[in-house]
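First up is the structure itself, then whatever we jot down about it.
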């Protein structure tokens, strides 16, 4: 595979023939149109992507870039994986939506497959990760009222400072990030925050009204923050002892990203419920799910919760193919091997700009020293060299390529990372 990002002839032939068709607008024009008519709720790098395959994307001018972000882990299987695309096209030719007013022939097989893979009895499918978290919040509260005996309206859910679980008003209401809350209140009550990684603080915050502890096994959006050794084991023991649900958010960390199917498996524990999303849709369709055993999921009765598109046959067919790719191609093992090697190579650079390199599998954070500025200029410099990544929380470069990435391509990426960091 050519590594010359300026060689647009070889770049074009590695993508679709349509790449030779001139775009209707220049990149600057496209960005200007988006800026004029689109809400300014993102600050993207100045590149306009038009095509993608595997670990590579191509802009409207024909220049190729290696994707080291994977749409925040939604592309664990890479761009347009042939098996996922085949499932998408085959199902789209049959039926796409029934709503949950009727059964469809894809939902049952999908929830059965995800149940078997995860080990949880039941699955409630939704569309976005935030919806899966909201579903879990409702389940935990109703479980507390109907099974734990918490007085009506008094259930509390404990969350971890630095969390990122989505963008709904309920979820940003328990964020510790000022910008996520600024101008969007009032917020829903019933949430208590404790420091991430502090098991003693969790136990001290538990009351008879505590329904659940909602936590990410690694705080990805928070800066690839790793918990202390033994933290999740302590959390599991504390929640069990106090009859509190352990609700783990695996939306960014699940489905092979950290070197295990689920990141909590590194700790050898089993939570009571899990939220999934992003890579469950294989990078082509929004699919999410809330997973729990019957004791928790049985709190829902017809009319308690729902989604017009959740569990639709198109999404279910895509999700089944997406799961098959993760398992059949052993992407978790690839992530662990490739990620361990890449992290060590970046550490060995001894960059004068880097505080720390941390992560698990192919979820890697490179923290930039304050005296070197923010992480964004480093990401911009990598983009100029044909590498796409993005900063998170100002000081951290997030490196999270598709789990299908070739060793050769990852080596190519490291060469450019080294050029920027050294």
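Over the Cα atoms of region 255-318, the radius of gyration divided by the Kirkwood radius equals 1.01; this is the Rg/Rh ratio.
On C-alpha positions alone, give me the angle between the axis of helix 331-348 and the longest principal axis of the chain, in degrees, nearest 10. Relative to the chain, helix 331-348 is tipped by roughly 60 degrees.
Sorting the segments 381-389, 31-39 by their mean number of nearby beta carbons within 10 angstrom, highest to lowest, gives 381-389, 31-39. The share of C-alpha pairs in region 82-328 whose separation exceeds 33 Å stands at 17 percent. Taking all Cα pairs closer than 8 Å and separated by 6 or more residues, the relative contact order of region 320-366 comes to 35 percent.
Among 177-187, 280-290, the peptide with the highest mean count of other Cβ atoms within 10 Å heads the list, and the full ranking is 280-290, 177-187. Ellipticity at 222 nm from helices only: DSSP H runs of n ≥ 4 in the chain, each -39500 (n - 2.57), divided by the residue count, give -10000 deg cm²/dmol.
Please compute the contact order of region 152-306 in relative form: average sequence separation of alpha-carbon pairs under 8 Å and at least six residues apart, divided by the residue count, as a percent. So the answer I get is 18 percent. Can you tell me the orientation of helix 27-37 relative to the chain, as the angle in degrees between its alpha-carbon axis and the longest Cα principal axis, to the nearest 10? Around 30 degrees separate the two axes.
For the residue pair residue 103 and residue 295, what label-to-label distance in nm results when each label sits 7 Å from Cα along the Cα-to-beta-carbon direction? It is 2.9 nm. Summarising the label geometry, the points placed 7 Å from Cα in the beta-carbon direction at residue 30 and residue 181 lie 3.9 nm from one another.
Normalising by the residue count of the chain, find the relative contact order in percent from Cα pairs under 8 Å and 6+ residues apart. Reported relative contact order: 22 percent.
Taking the C-alpha atoms only, the angle from helix 231-241 to the longest principal axis of the chain is near 20 degrees.
Ranked by the mean number of other Cβ atoms within 10 Å per residue, highest first, peptides 255-262, 204-211 order as 255-262, 204-211. With no solvent and one equal point scatterer placed on each C-alpha of the chain, evaluate the Debye formula and give log10 I(q)/I(0) for q = 0.06, 0.10 Å⁻¹, two decimals. Log10 I(q)/I(0), no solvent term: -0.25, -0.71.
Bear in mind that the values in this text are calculations on the coordinates, not laboratory data. From a predicted model like this one, the values you see are computed outputs, not experimental measurements. Using ideal geometry, Cβ is built from the backbone for each residue, glycine included, and neighbour counts are taken over all protein chains shown.
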